[in-house]
Structure formats: C-alpha cells, structure tokens
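A.B. asks: Here it is: the structure, laid out below.
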Amino acid sequence: MPEPGHRAIRSPAGAGLEAEGPVAGLVLAAGAGRRYGGPKALVGYEGRPLVLRARDTLAAGGCAPVLVVVGAHAEAVTALVGSGVVRNPAWVTGMGSSLRAGLAALETTAVTAVVVLLVDTPDIGVEAVRRVVAAARPDALVVAGYRGRRWGHPVLLGREHWVGVAASATMDRGARDYLRQRRAVVRVVPCADIADCRDLDVPRAEPM
C-alpha cells in the first residue's frame, strides 16, 4: 500500500457508515512465496490454510461473492478452495495481474464494490472487514488505517474505480499508484485496535 503524504479522509471506526449495495470479496493468493519457501496460500496458520482463512474472513465480514485468485500451485490451491476460484495465468508478473484478473471476473456481477485482502495477512479479522465494508459506495476508495502504517489492508474499491485501478495495476503494485493519485478522496477507517496488517514474510506457521 502507498504511504500518503497528507489529507486522506479519516473516519471514526464504524461511525455513521452503512454500505450502499452488495460488496464482493477478493483474495489475492497467486504468489509463489519464494522468500517464504513456498506458496503462502497453502501454509497453515492456527490450524487452517491461509487461503481458507482469508476467504472465510471476507465472507464473515459481509462480502459476497468471495473470489480467490490463484496462480502458483493452482491445482493444489483450487482443491482446497473449491468454488469461487479465478485463475491468473500471468501470476509470475506480480500482484497487479491478479488484481486485474479478479476485477475482470467481477464485472458480470451487480456488486457495488470489492474488498481486497492479501492471503498472507492472517491477523486481519472479520471486524476489520466489516468496518471497511460499511463504507462501501460505487465511488468509494477505502483503506484500513494502522498506527505507524497509515494505509493497509483490507482495501475497498468502489465499482466506478475498477477500470482505472486495472489500468494502473502493474507488477507488484496493485492499486497503490491509483490510490496515491487520489489520496484526497481516500477514506481511512481506523483498524489498529482490532487488526494487524503485517504480512507473513518469514514462516510463523507450518505448511499444510
């Protein structure tokens, strides 16, 4: 996520927010996890594979449908997830291609917005997703806010922004550049009291 300089819109947690229409969930789980030693989607954390943990967190937080973008070890990840899988044949090019694939798969749905969650952020729970979902609108750009790291996941992208986000999502940058260019209208929902957005760069769990 970007490190904005100033003037993003900050909202008290859950204050006066109510989603406008259905909100989809999107788990980005296509990476090979080379620095980690294997695909993080298949790693166990507190007894469950990270990919299922992320998918179920979005679902319990109010997202439907929830799609999972897979790439590396696609067969194994798909076998775990079952339905709702989006294959990204260009996964080696980085996270941007997975975001584009997920947004394209949602084009035929009637959702107002999508909440994006990385597969390797297991300490982001249901309540953080709910807070972000509550701010959903077709024109919304919403990020979770954390102490010491002003912007983090989950990230909500209103439907009106999908074309622009897809056009700017390259390599491993995802929606970063698009959000940075629009920092003045990005809504920050504080989540530091209920979640930790740090990802798993080194093993904290055992492979499944």
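The values are calculated or read from the model by the stated rules, or taken from the named source; none is laboratory data. Computed from a predicted model, the values in this text were never measured in an experiment. Here Cβ is always computed from backbone atoms with ideal geometry, including for glycine, and neighbour counts include all displayed protein chains. For accessibility, only protein heavy atoms count, side chains too; no ligands or nucleic acids. Shrake-Rupley method; radii C 1.70, N 1.55, O 1.52, S 1.80 Å.
A.B. asks: Mind listing the long-range amide H neighbours of residue 68? Cut-off is under 5 Å, sequence gap 5 or more, other chains count too, H placed in the peptide plane at 1.01 Å from N.
C.D. replies: 27, 85, 86
A.B. asks: Roughly how many percent of the accessible protein surface of segment 85-202 is carbon and sulfur, given a 1.4 Å probe and a whole-percent answer?
C.D. replies: 52
A.B. asks: Among rounded, prolate and oblate, which fits segment 114-179 when a ≥ b ≥ c are the square roots of the eigenvalues of its C-alpha gyration tensor, a/c under 1.5 means rounded, and a/b larger than b/c means prolate?
C.D. replies: Oblate, because a/c is 1.5 or more while a/b does not exceed b/c.
A.B. asks: Another one. Using the Cα centre as the reference, give the magnitude of the dipole from point charges on the C-beta atoms of segment 87-161 (Lys, Arg: +1; Asp, Glu: -1; all else neutral), rounded to the nearest 20 debye.
C.D. replies: Dipole about the Cα centre, nearest 20: 160 debye.
A.B. asks: Based on the alpha-carbon set only, what is the convex hull volume of the chain divided per residue, in Å³?
C.D. replies: With only Cα atoms used, the chain gives 107 Å³ per residue.
A.B. asks: Quick check for me: using +1 on Lys/Arg Cβ and -1 on Asp/Glu Cβ, what's the dipole size of the chain about its Cα centre, in debye to the nearest 20?
C.D. replies: Charge dipole, the chain, about its Cα centre: 520 debye, nearest 20.
A.B. asks: For residue 65, what charge total do you get from the other residues with a beta carbon under 15 Å from its beta carbon, if Lys and Arg give +1 and Asp and Glu give -1?
C.D. replies: Around residue 65, the charge tally is 0.
A.B. asks: Among 152, 117, 57, which residue has its Cα positioned farthest towards the positive end of the charge dipole of the chain, with +1 placed on the Cβ of Lys and Arg, -1 on the Cβ of Asp and Glu, and the dipole taken about the Cα centre?
C.D. replies: 152
A.B. asks: In square angstrom, what is the accessible area per residue of the chain with a 1.4 angstrom probe?
C.D. replies: With the other protein chains kept in place, the chain gives 44 Å² per residue.
A.B. asks: Rounded if a/c is under 1.5, else prolate if a/b beats b/c, else oblate: with a ≥ b ≥ c from the C-alpha gyration tensor eigenvalues square-rooted, which is segment 91-208?
C.D. replies: Oblate is the answer for segment 91-208, as a/c is 1.5 or above yet b/c matches or exceeds a/b.
A.B. asks: Antiparallel versus total DSSP beta bridges in the chain: what percent is that, nearest 5?
C.D. replies: In the chain, DSSP labels about 35 percent of beta bridges as antiparallel.
A.B. asks: Please give the Cα centre distance for segment 22-81 versus segment 86-145, rounded to the nearest Å.
C.D. replies: Centre-to-centre (Cα) distance: 12 Å.
A.B. asks: Then there's this: Can you tell me how segment 36-79 classifies by the Cα gyration tensor, rounded, prolate or oblate, using a/c under 1.5 as the rounded cut?
C.D. replies: oblate
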